[in-house]
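Written out below as structure tokens is the structure these notes cover.
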Amino acid sequence: MIRKASLVLVGALIGAATVTALSQMPVRVSGVANAAASDTYRQLNLFGDVFERVRSDYVEMPDDAALIESAINGMLSSLDPHSSYLSPKHFRDMQVQTRGEFGGLGIEVTMEDGLVKVVTPIDDTPAFQAGVLAGDLITHLDGEQVQGLTLSEAVERMRGPVDTDIELTIRREGAAEPVKVTITRDIIQIRSVRHREEGDVGYIRVTQFNEQTFDGVRDSIESLKASIGEDKIKGFVLDLRNNPGGLLDQAIAVSDGFLQRGEIVSTRGRNADETQRYNARGGDLAEGYPVIVLINGGSASASEIVAGALQDHRRATILGTRSFGKGSVQTIVPLGANGAIRLTTARYYTPSGVSIQAKGITPDIELLQELPEELLGRAETKGEAGLRGHLAGEGDGEEESGSQAYVPPDPKDDAQLNLALDLLNGVQVNSAFPPVGDQKAGVPN
């Protein structure tokens with residue numbers, strides 16, 4: 001029996017990476033569903049026969065644990081693209097990602113020519129205070145070469161228990177000799193929310209939905225209202241582009257932050273008694289100011305829950321390109337010291353009762369970005385509908401999800417953001433903004 005301690009998640013599989021979202025929610029599975037017919041168990045003898053033959057006759061001695069892990073993962077991954085086995089390490093990594101904090105240095109990094117390159121040090125973290133700079137190339141960690149490590153291996157070495165030291169050897173542009181810096185690890189919080197003023201408009205960017213996200217959105221709204229002035233602020237842009245998902249409860253909380261009442265999302269499993277409905281509790285953090293939500297082909301799962309809820313309730317205008325189309329719910333079932341399994345257990349539905357599985361959310365205002373020449377023909381996500389073995393979509397219409405997922409690095413070139421700002425500032429008009437009132441809404445708000 002799957003117990004109540006199981007973790008429920010929604011997430012996005014984009015390319016080869018799976019991003020998950022978790023929240024506490026019971027999963028009830030009937031005895032009939034759990035009971036396998038006796039002939040099914042007899043079929044397991046086939047697995048045992050193959051396993052023993054591989055162990056005895058394969059050209060090299062195989063690792064028994066690796067064989068079992070591959071067999072389990074093969075069984076789960078054959079169901080759909082989002083079900084899988086999580087080894088103990090991958091389970092820990094997933095928990096770190098969704099928790100949004102870990103013991104580390106506080107730098108965003110990438111790989112360049114076999115070395116770890118600092119994209120940016122995070123403000124007020126040990127790396128920032130130690131003087132690590134954007135563009136620094138890390139060549140050694142505690143005297144050991146970085147060359148030959150993968151990015152994930154290097155990141156794992158830089159993370160560690162709080163109050164422990166690590167020495168970085170840095171190659172810095174303009175410095176004649178390598179720079180050595182000793183940094184003491186501390187608790188690092190992943191900033192999933194950033195904000196800035198765009199004239200009299202508040203811009204809020206959400207990169208993922210982890211345990212810090214709702215607090216970040218709430219604090220951003222309060223900060224922007226204070227800095228711009230409640231008598232001057234003209235509205236908010238909520239940027240969910242290329243946000244692959246995250247915690248279900250955080251997606252619900254962020255949606256609730258803009259809604260006074262009504263359903264936010266429902267999840268429906270195989271059996272009718274597994275249906276869960278989540279409703280707004282009242283209290284609009286934005287106090288009725290206009291909101292425009294930006295989405296694109298990289299907006300998936302938890303991002304689609306927020307966009308779908310605000311669109312159905314006519315609380316916000318959705319602008320950009322069609323979203324990824326990830327409309328299923330996964331449950332993380334811990335297996336003690338053996339990791340966990342991620343199993344698709346339900347679909348989710350927007351407040352108007354629509355499943356976006358393999359279809360995505362269509363914006364109220366569709367607008368493509370102008371692509372640089374080197375990205376022509378390469379800036380589209382294939383979406384959920386393009387994933388092999390995906391769950392079939394429901395309702396009328398053909399499956400179609402994913403779209404352009406390019407966001408220009410310079411805001412001046414960002415056509416979607418600039419249109420949102422023009423609409424909020426009254427420079428341009430569109431029949432979809434502000435959204436139609438309650439009398440024509442898909443659901444009452």
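The values are calculated or read from the model by the stated rules, or taken from the named source; none is laboratory data. Values in this document were obtained by computation on a predicted structure and should not be read as measured data. As a convention, Cβ positions derive from the backbone with ideal geometry for all residues, glycine included, and neighbour counts pool all protein chains shown. In case anyone asks, the SASA skips ligands and DNA or RNA and just uses the protein heavy atoms, side chains included. Shrake-Rupley method; radii C 1.70, N 1.55, O 1.52, S 1.80 Å.
What is the sum of charges, Lys and Arg at +1 and Asp and Glu at -1, for the other residues whose Cβ falls under 11 Å from the Cβ of L86?
+1
Using modelled backbone amide H atoms (1.01 Å from N, in-plane), which distant-in-sequence or interchain residues come within less than 5 Å of G235's amide H?
Those qualifying (amide H under 5 Å, at least 5 residues apart or on another chain) are G202.
For a quick check: with amide H placed at 1.01 Å from N, whose amide H comes under 5 Å from E108's, ignoring anything fewer than 5 positions away on the same chain?
Correct list: V119, T120, I122.
Report ³J(HN,Hα) in whole Hz for each residue of segment 164-179, in order, from the Karplus equation J = 6.51 cos²θ - 1.76 cosθ + 1.60 where θ = phi - 60°; Gly and Pro get x.
9, 9, 9, 9, 9, 9, 10, 9, 10, 4, x, 9, 6, 10, x, 9
Can you list which of the trypsin sites (Lys or Arg not before Pro) found in segment 350-435 are DSSP loop residues with at most 10 other C-beta atoms within 10 Å? Walk me through the numbers before you get to the answer.
Details: sites: K359, R378, K382, R388, K412; in loops: K359, R378, K382, R388.
Within segment 350-435, the qualifying trypsin sites (Lys or Arg not before Pro) (loop, at most 10 other Cβ atoms within 10 Å) are R378, R388.
By how many nm would the segment from S223 to E173 lengthen if fully extended, with 0.36 nm per residue of separation less the alpha-carbon distance?
Details: separation 50, 0.36 × 50 = 18.00 nm, distance 3.63 nm.
Fully extending the segment from S223 to E173 adds 14.4 nm.
So which GluC sites (Glu not before Pro) in segment 124-189 pass both tests, a DSSP loop state and at most 12 other Cβ atoms within 10 Å of the Cβ?
Hits after loop and neighbour filter: E173.
Applying a 10 Å radius around every beta-carbon, put 195-208, 361-374, 238-251 in order of their mean neighbour count, most first.
Final packing ranking: 238-251, 195-208, 361-374.
Could you order peptides 328-335, 60-67 by the average number of other Cβ atoms within 10 Å of their residues, highest first?
328-335, 60-67
At a Förster radius of 35 Å, what calculated FRET efficiency corresponds to the Cβ-Cβ distance of K382 and R99, to the nearest 0.05?
For K382 and R99, the calculated efficiency is 0.70.
So which GluC sites (Glu not before Pro) in segment 216-288 pass both tests, a DSSP loop state and at most 14 other Cβ atoms within 10 Å of the Cβ?
E230, E287
Any idea how far apart N73 and F51 come out in nm if each label point goes 7 Å out from Cα toward Cβ?
The two pseudo-label positions are separated by 1.7 nm.
Measure off 7 Å from each Cα along the Cα-to-Cβ vector at S87 and R159, then give the distance between these two points in nanometres to one decimal.
The modelled label-to-label distance comes out at 1.5 nm.
Send over a whole-number figure in Å² for the accessible area per residue of the chain, probe 1.4 Å.
With all protein chains present, the chain gives 49 Å² per residue.
Given the Cα atoms of segment 139-272, and with Rh set as the inverse mean 1/r over their pairs in the Kirkwood sense, what is Rg to Rh to two decimals? Don't skip to the answer; put the middle values down first.
On the way: Rg = 21.2 Å, Rh = 18.7 Å.
Using Cα coordinates only, the ratio equals 1.13.
Taking R0 as 25 Å, what FRET efficiency do you get between E197 and Q428 from their Cβ-Cβ distance, rounded to the nearest 0.05?
0.80
Just one of [x] 22.5, 68; [y] 40.1, 151; [z] 23.8, 78 is Rg and Dmax of the Cα atoms in Å as worked out from the coordinates here. Which one is it?
[z]
Going by average Cβ neighbours within 10 Å, how do the peptides 186-192, 72-78 rank, with the highest at the top?
Those peptides, ordered most packed to least, come out 186-192, 72-78.
Please list, in order, the residues from segment 177-206 whose amide nitrogen is less than 20 Å from a point placed 7 Å along the Cα→Cβ vector of A134.
Only 189-199, 203-206 fall inside the zone, counting backbone N under 20 Å.
Provide the per-residue ³J(HN,Hα) series for segment 246-255, in order, calculated from phi with Karplus coefficients 6.51, -1.76, 1.60 and θ = phi - 60°, each as a whole number of Hz, with x at glycine and proline positions.
The phi angles translate into x, 5, 4, 5, 6, 4, 5, 5, 5, 4 Hz.
Please build a GNM for the chain, connecting alpha carbons under 10 Å apart, and tell me which residue among R55, R194, R171 fluctuates the most.
Result: R55 has the largest fluctuation of those listed.
Ignoring any ligand, DNA or RNA, what whole percent of the accessible area of the chain comes from carbon and sulfur when the probe is 1.4 angstrom? The partial results should precede the final answer.
On the way: 10820 of 21750 Å².
The value for the chain is 50 percent carbon and sulfur by accessible area.
For K382, which lysines qualify as cross-link partners when the Cα separation must be under 30 Å and same-chain residues fewer than eight apart are set aside?
The qualifying lysines are K89, K117, K326, K359, K412.
If amide H atoms are built 1.01 Å from N in the plane of the peptide, which residues on other chains or at least 5 residues away come under 5 Å of the amide H of V116?
I138
Quick one: Cα centre-to-centre distance for segment 302-343 and segment 368-409, in angstrom?
So the separation of the two Cα centres works out to 16 Å.
Calculate the spin-label point distance for T275 paired with Q189, positioning each point 7 Å from the Cα along the beta-carbon direction, and give it in nanometres.
Computed distance between label sites Q189 and T275 equals 3.9 nm.
I'd like the Karplus ³J(HN,Hα) series for segment 363-372: coefficients 6.51, -1.76, 1.60, θ = phi - 60°, whole numbers in Hz, and an x wherever there's a Gly or Pro.
Per-residue couplings from phi come out as x, 5, 10, 8, 8, 8, 7, 7, 8, x Hz.
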